[in-house]
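Some notes on the structure that comes next.
The values are calculated or read from the model by the stated rules, or taken from the named source; none is laboratory data. Remember, predicted model here, so these are calculated numbers, not experimental data. Here the Cβ positions follow ideal geometry from the backbone for every residue, glycine too, while neighbour counts run over all protein chains shown. In case anyone asks, the SASA skips ligands and DNA or RNA and just uses the protein heavy atoms, side chains included. Shrake-Rupley method; radii C 1.70, N 1.55, O 1.52, S 1.80 Å.
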Amino acid sequence: MRKKMRGPLFIIGLLFVIATTTVERAQNQPERTEQIFRVTVNYGRSVKRGVRAGHYNYVNPDVVSENFSSKETGTKEIFIHLVSFNKTVSANEALAELDKRGFRPANTQECMAFGEKHPDVQREFPIAFLGAVWRDFYGGRYCLCLAGDSVGRYLVVGWIDDDWKEMYHYRFAAVRK
């Protein structure tokens, strides 16, 4: 009776098949493009109080109530969806895609509530709040962004009229309509 030989070439071939199958499975898995977080939003709270409650290491000096006002009042529990498009997009493209998916961009008070309730999420990737918009003296449009790293957490403004680069892994905060 003849024995089957399982030499080095067989083992190398087997390892290649296992590695190829693992890579193919990983490539066929949809990348997670949305995360959902629950927050309670006080729409009547001032930006100053929201900033204080967020305990940020740095806040852009333009983040004030005069620039990022809210007309809404009351308190409401909502879900904020952090959406990634996995590609470079303009603000208009992001807004159109959010709308197509049944979302509206999260606003100023929702940004403040998110930063306070989920402080470490912004250390993973920057989060743009395209519904929290301010136009400066020169006409430039900016939105609130949460960012961070191992050193600190930052509440900054991002220039809307520039592309949002995929390499920075931006998430766009949105709320179901």
### Query
Kirkwood Rh, Cα Rg: Rg to Rh for segment 33-111?
0.99
#### Entry: Table column - 3J(HN,Hα) (Hz), segment 127-142, Karplus curve with 6.51, -1.76, 1.60, x for Gly and Pro
10, 9, 10, 6, x, 10, 10, 9, 10, 7, 4, 8, x, x, 9, 10
### Message
Show me, for segment 62-75, the HN-Hα J-couplings you get by feeding each phi into the Karplus relation (A = 6.51, B = -1.76, C = 1.60, θ = phi - 60°), rounded to Hz, glycine and proline as x.
### Response
7, 7, 9, 4, 5, 8, 10, 7, 9, 9, 7, 9, x, 10
## Note on the structure
Simple spin-label estimate for Lys76/Asp99, 7 Å along Cα→Cβ, in nm, reads 1.9 nm
### Query
If you plug each phi of segment 155-167 into the Karplus form 6.51 cos²θ - 1.76 cosθ + 1.60 with θ = phi - 60°, what whole-Hz ³J(HN,Hα) values come out, in order, with x for Gly and Pro?
10, 10, 10, x, 6, 5, 7, 9, 6, 9, 5, 4, 4
### Query
Carbon and sulfur: what percent of segment 58-127's accessible surface (1.4 Å probe)?
47 percent
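Which order, highest average first, do 85-97, 116-128 follow once you tally other Cβ atoms within 10 Å for each residue and take the mean per peptide?
Working: 85-97: 14.8, 116-128: 17.8.
The densest-packed peptide leads the list: 116-128, 85-97.
Pairs to check: Lys100/Lys165; Lys48/Lys87; Lys76/Lys165; Lys87/Lys117; Lys48/Lys165; Lys48/Lys100. Give those whose C-alpha atoms are more than 25 Å from each other in this structure.
Numbers: Lys100/Lys165 21 Å; Lys48/Lys87 34 Å; Lys76/Lys165 32 Å; Lys87/Lys117 28 Å; Lys48/Lys165 30 Å; Lys48/Lys100 33 Å.
Where the Cα-Cα span goes over 25 Å, the pairs concerned are Lys48/Lys87; Lys76/Lys165; Lys87/Lys117; Lys48/Lys165; Lys48/Lys100.
Once fully extended, how much extra length lies between Asn57 and Arg141, figured as 0.36 nm per residue of separation less the alpha-carbon to alpha-carbon distance? Walk me through the numbers before you get to the answer.
Values: separation 84, 0.36 × 84 = 30.24 nm, distance 2.39 nm.
The Asn57-Arg141 span can extend by a further 27.8 nm.
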